[in-house]
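The values are calculated or read from the model by the stated rules, or taken from the named source; none is laboratory data. In this text, all values refer to a predicted model and were calculated from it rather than measured experimentally. As a convention, Cβ positions derive from the backbone with ideal geometry for all residues, glycine included, and neighbour counts pool all protein chains shown. Accessible surface is based on the protein model in full, side chains and every heavy atom, while ligands, DNA and RNA are left aside. Shrake-Rupley method; radii C 1.70, N 1.55, O 1.52, S 1.80 Å.
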Amino acid sequence: MIPVKFDYLAPTSVEEALSALGEHGDDAKILAGGQSLLPVLRMRLNAPEVVIDLGGIASLRGIRDDGDAIVIGAMTTHHDVRDHALVKEHALLISKAAAEVADSQIRHRGTFGGALAHADPAGDLGAPALALGAQFVIAGPGGTRTVEASDFFVDLFETAIGEDEILTEVRVPKHTGWGAHYEKFVRVAHQWPIVAVAATVKGSIDEARVGLTNMGSTPLRATATEQALAGASATEDGVRAAAELAAEGTNPPSDLNGAADYRQHLARVLTGRAVLKAAGA
Amino acid sequence: MTKIELTVDGAAVSDDVEPRMLLVQYLREKLGKTGTVIGCDTSNCGACTVHLDGTSVKSCNVLAVQANGRTVTTIEGLADTAEGDLHPVQEAFRECHGLQCGFCTPGMIMQAVDLLGENPHPTEEEVRLGMEGNLCRCTGYHNIVQSVLHAAGQTEGATA
């Protein structure tokens, strides 16, 4: 199928994009890499009158060092995020998760900011962004504002980005030298995870951050597990005990891929694997 | 209508297209490049894979207008030698019989070329992972993987 007819705008600056968004409001959709939006348009699940393509805005692409954080431009592709030296050095968890998004072709087109703004609870980047305490820089008609990851994800496919706003970049606090692993459980190779766990640890183990994918309507932190891991030994027994707490406070969906209690079981098992691999054990 | 100018298989083309036109439609219906096929139309199967500015994309999941100003290579433009010659990866698929019905083959070859460009000497596992976005409805993966390894100079022809 092909999408319903729409008008196409290709702004070359964030200001132009914001003004187009201001003019068309509800009737417009933002196109980033298009790897989630185009299937939606093709299946006619949505039929915006105007599509605003951010692909021509060079300032939204790229990754830079900014002191205690790295800054990832919203239009940087998963492929480029995965391979970037700054990401590997200071936010290895993001690199590991970006490597697991869909497949090679999708990673060449799909963008870091687009995927986060889409906020699919089964998307691979929300949990690592949340675990690392990322900050979301959002531009609007009144200027830019910064939203903490804990406030960014509101609900299924819903974020703190307002109707007249655009996500421009994501600041990821440096976790230099932290080990990391993204453990993704799928039935079909390039599909969305049934459950996935993003784990990153300092030392073995001084501190840990654990994010959960598809265990609720938004990405979640496994805070009880994180607390139990602080000072734990990176051994099978030490980690498994902490991982037993991973499903606390989660409210996963039940669907054809698995019931909620099965997902909670997966969260505990995958957390153990992810933390052990992150710690190099 | 939106005007687009791009390079397809080495030739400069320009057209007025509807913004909703998918790149794969543009290639097939406007340019007659039916070597690129539509398999699933849901961005799952990878049969429509082409290269956009040198990297593999699923052309059913790109708008033609998004290719404006860029370079597209399809299976028809892959071999840059005289007519009748094949690209080494095409040659390897023939040598190793890396196809059954052949429908997924254009996409498999375009993805394999991308994969080998990034990793010229992949292991079998790296080939399987690198090709995960391409589905073969005949489930003929064994010889497809062998073909990619053969193109990389790591095996000697078909094993099945």
Exercise. Give the residue from A:SER13, A:ILE106, A:ALA281 lying farthest towards the positive end of the charge dipole for chain A; charges sit on Cβ (+1 for Lys and Arg, -1 for Asp and Glu) and the dipole is referred to the Cα centre.
Key: A:ALA281
Practice problem: Please report the relative contact order for chain A, taking Cα pairs under 8 Å with a sequence separation of at least 6, and give it as a percent rounded to a whole number. | Solution: 15 percent
Quiz item: What residues have an amide H closer than 5 Å to that of A:ALA134, excluding those fewer than 5 places away on the same chain, when H is modeled at 1.01 Å from N in the peptide plane?
Solution: A:ALA149
Self-check item: Helical mean residue ellipticity (222 nm; -39500 (n - 2.57) per DSSP H run of 4+; nearest 500) of the protein assembly as shown
Solution: -8000 deg cm²/dmol
Exercise. Averaging sequence separations of C-alpha pairs under 8 Å and six or more residues apart, then dividing by the length of region A:241-281, give the relative contact order as a whole percent.
Key: 45 percent
Quiz prompt | Per DSSP, loop trypsin sites (Lys or Arg not before Pro) in region A:1-87 with at most 15 further Cβ within 10 Å | solution = A:LYS5, A:ARG44
Exercise. For helix B:105-118, report the angle its Cα long axis makes with the longest principal axis of the Cα atoms of chain B; keep it between 0 and 90° and round to the nearest 10°.
Key: 80 degrees
Quiz prompt | Average beta-carbon neighbours from other chains, 10 Å sphere, peptide A:34-44 | solution = 4
Quiz item: What size of dipole, in debye to the nearest 20, comes out for the protein assembly as shown about its Cα centre when the only charges are +1 on Lys and Arg C-beta atoms and -1 on Asp and Glu C-beta atoms?
Solution: 720 debye
Quiz item: Using the Cβ atoms and a cut-off under 10 Å, what net charge is assigned to the surroundings of A:GLY133, where Lys and Arg are +1 and Asp and Glu are -1?
Solution: +2
Practice problem: Please turn the phi angles of region B:30-37 into ³J(HN,Hα) values with the Karplus equation 6.51 cos²θ - 1.76 cosθ + 1.60 (θ = phi - 60°), one per residue in order, whole Hz, x for glycine and proline. | Solution: 8, 9, x, 8, 7, x, 8, 10
Practice problem: Return the lysines within reach of A:LYS202: Cα separation strictly under 17 angstrom, same-chain partners fewer than 8 residues apart disregarded; answer none if there are no such residues. | Solution: A:LYS88, A:LYS96, A:LYS174, A:LYS277
Quiz item: Based on the alpha carbon coordinates of region A:135-281, what radius of gyration and maximum Cα-Cα distance (Dmax) apply, in Å?
Solution: 16.5, 53
Self-check item: Kirkwood hydrodynamic radius of chain A, from inverse mean 1/r over distinct Cα pairs, in Å
Solution: 19.0 Å
Quiz item: Cα extents of region B:2-76 along the three principal axes, largest first, in whole Å?
Solution: 29, 24, 20
Quiz item: Ratio of Rg to Rh for region A:7-53, alpha carbon only, Kirkwood?
Solution: 0.97
Quiz item: For region B:88-151, what is Rg from Cα atoms divided by 2.2 N^0.38 Å, rounded to two decimals?
Solution: 0.94
Quiz prompt | Net +/- balance of residues flanking A:ASP66 in space, Cβ distance below 12 Å, scoring K and R +1, D and E -1 | solution = 0
Quiz prompt | Candidates per GluC sites (Glu not before Pro) in region B:53-160, loop by DSSP, up to 14 other Cβ within 10 Å | solution = B:GLU83, B:GLU156
Quiz item: Bin by bin, in steps of 5 Å, what percent of the Cα pairs in chain B do you find, going until the bin that has the longest distance?
Solution: 2, 10, 19, 22, 19, 13, 8, 4, 2, 0, 0
Practice problem: Take the alpha carbon atoms of region A:139-212, find their center, do the same for region A:219-278, and report the distance between the two centers in whole angstrom. | Solution: 17 Å
Quiz item: Under a 5 Å amide H to amide H cut-off, with H placed in plane at 1.01 Å, what residues pair with B:LEU78 once short-range neighbours are removed?
Solution: none
Exercise. Give me the distance between the Cα centres of region A:27-86 and region B:2-59, rounded to whole Å.
Key: 20 Å
Quiz item: Each residue of region B:54-63 in order: what ³J(HN,Hα) in whole Hz does its phi give by Karplus 6.51 cos²θ - 1.76 cosθ + 1.60, θ = phi - 60°, with x for Gly and Pro?
Solution: x, 10, 6, 9, 8, 6, 7, 10, 9, 7
Quiz item: Which of the lysines could be linked to A:LYS29 by a straight reach, that is with a Cα gap under 17 Å, when you skip same-chain ones fewer than 8 residues away?
Solution: A:LYS5
Quiz item: To the nearest 10 square angstrom, what accessible area does B:CYS136 show with a 1.4 Å probe?
Solution: 10 Å²
Quiz item: Counting only other chains, what is the mean number of Cβ atoms within 10 angstrom of the Cβ of each residue in peptide B:55-67?
Solution: 6
Quiz item: Mind listing the phi-derived Karplus ³J(HN,Hα) values for region A:83-94, rounded to whole Hz, using 6.51, -1.76 and 1.60 with θ = phi - 60°, and x for any glycine or proline?
Solution: 8, 6, 4, 5, 5, 5, 7, 10, 8, 4, 4, 5
Exercise. Enter the angle in degrees (range 0 to 90, nearest 10) between the Cα long axis of helix B:141-151 and the first principal axis of the Cα atoms of chain B, meaning the one along which they spread out most.
Key: 90 degrees
Quiz item: Using alpha carbons only, how many degrees (0 to 90, rounded to 10) separate the axis of helix A:14-24 from the longest principal axis of chain A?
Solution: 70 degrees
Exercise. Scan chain A and report its longest stretch carrying no GluC sites (Glu not before Pro) that are both in a DSSP loop and have at most 16 other Cβ atoms within 10 Å.
Key: A:50-162
Quiz item: If you roll a 1.4 Å probe over the heavy atoms of the protein chains, what accessible area per residue do you get for region B:2-76, in Å²?
Solution: 34 Å²
Quiz prompt | Chain pair B, A: total accessible area buried, heavy atoms, 1.4 Å probe, Å² | solution = 2400 Å²
